[in-house]
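Read through the structure below, which is laid out as structure tokens, and then see the notes.
Just so it is clear, none of the values below were taken in a lab; they were calculated from the coordinates. Since the model is a prediction, treat every value here as computed from it, not as a measurement. Cβ coordinates were reconstructed from backbone atoms using ideal geometry, including for glycine residues, and neighbour counts include every protein chain displayed.
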Amino acid sequence: MSAAGNFSRFDVGQGVWNESFVPFNTPITAVLSAHRALLAAPSQSTGSGLTMFVGAWGHHLDNKLLSTVGSTTIGLAAGRFTRNDVGRMFSLTPTIPDGTTVVSVAADGATATISAPATGSTLGSLAGVAVAPGSTSFTSGAADSADFNGVVGANSLGIPAGTTITSVDQSMGGTLSAPATSGGGPATIALQRPAYGVLFFAAGAPKGDYHVVVVSNGAVDAALDDPGYYQSELTSGAAFTVARY
């Protein structure tokens, strides 16, 4: 219970902890109201005025997330998504709405599909870039600390696409992870500036029988927000069972 009414629908699936009375990463399985929620495991003690931390993450993306406004495909500047990320929920992520879940992960882990379009883009550009042939050092009066770990895209300077910026000298330039081939400039290059992101654990479905419904949009609140939303039964009375395997 939360006397202050701090629970929200986005808390479902998130892990909670305070080892004095709740085991680490115990997921919230349902939010009944702003004041009441259900946990997957019972409390180890009773009391009032206790502090419980909400939000044990399953995959911390640091400043690695790549996204495009309006797209449900996301990527990583470094590392890979795994099949364990499917079903996990985004929160505290500037470019993706809270409550958005990972629907699927590409076979190579380079990209993932999410349940709602990204609201922010990490794709931008860096102006005034000049680099010598075969060099990993570049100059740019527009260089900024936010460009650190940026991923270079299309350019006319022979910098291989996918090269990252490994260091930045504010308003001066920086260092690349791979040398430019032809060099040149000053020129504007495409640059992905990875965003901060956190994937939280999703709650597993309790064991039992479930009625099967096919929906046109699986996003949070789609039934309210999507004018074209519809749902239908797979077959009359169809059900599936969740059980240990």
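Some points to look at:
- The single residue among 69, 131, 86 that is within 22 Å of residue 10 (Cα to Cα) and over 13 Å from the mean Cα position of the chain (by Cα) turns out to be 69.
- Among all residues of the range 35-56, there is none that is part of a strand (DSSP E or B), more than 19 Å from residue 8 (Cβ to Cβ) and in contact (Cβ under 8 Å) with a residue 24 or more places away in the chain.
- A single entry from 95, 113 fulfils the requirement of being assigned to a loop (DSSP other than H, G, I, E, B), out of contact with any His (no Cβ under 6 Å at 6 or more places or on another chain) and of a type in the set (Ser, Thr, Tyr): 95.
- Considering 116, 161, 154, the condition of being within 27 Å of the chain's Cα centre (by Cα), among the aliphatic types (A, V, I, L, M) and buried (at least 17 other Cβ atoms within 10 Å of the Cβ) is satisfied by 116 alone.
- Matching residues, the range 17-53, being among the aliphatic types (A, V, I, L, M) and farther than 20 Å from residue 85 by Cβ: 22, 30, 31, 32, 34, 37, 38, 39, 41, 50, 52
Quick grid of which residues meet (1) without any contact (Cβ under 8 Å) to a residue 40 or more places away in the chain; (2) of a type in the set (A, V, I, L, M, F, W, C):
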| site | (1), (2) |
| --- | --- |
| 67 | no, no |
| 70 | no, no |
| 93 | no, no |
| 106 | yes, yes |
| 110 | yes, yes |
| 118 | no, yes |
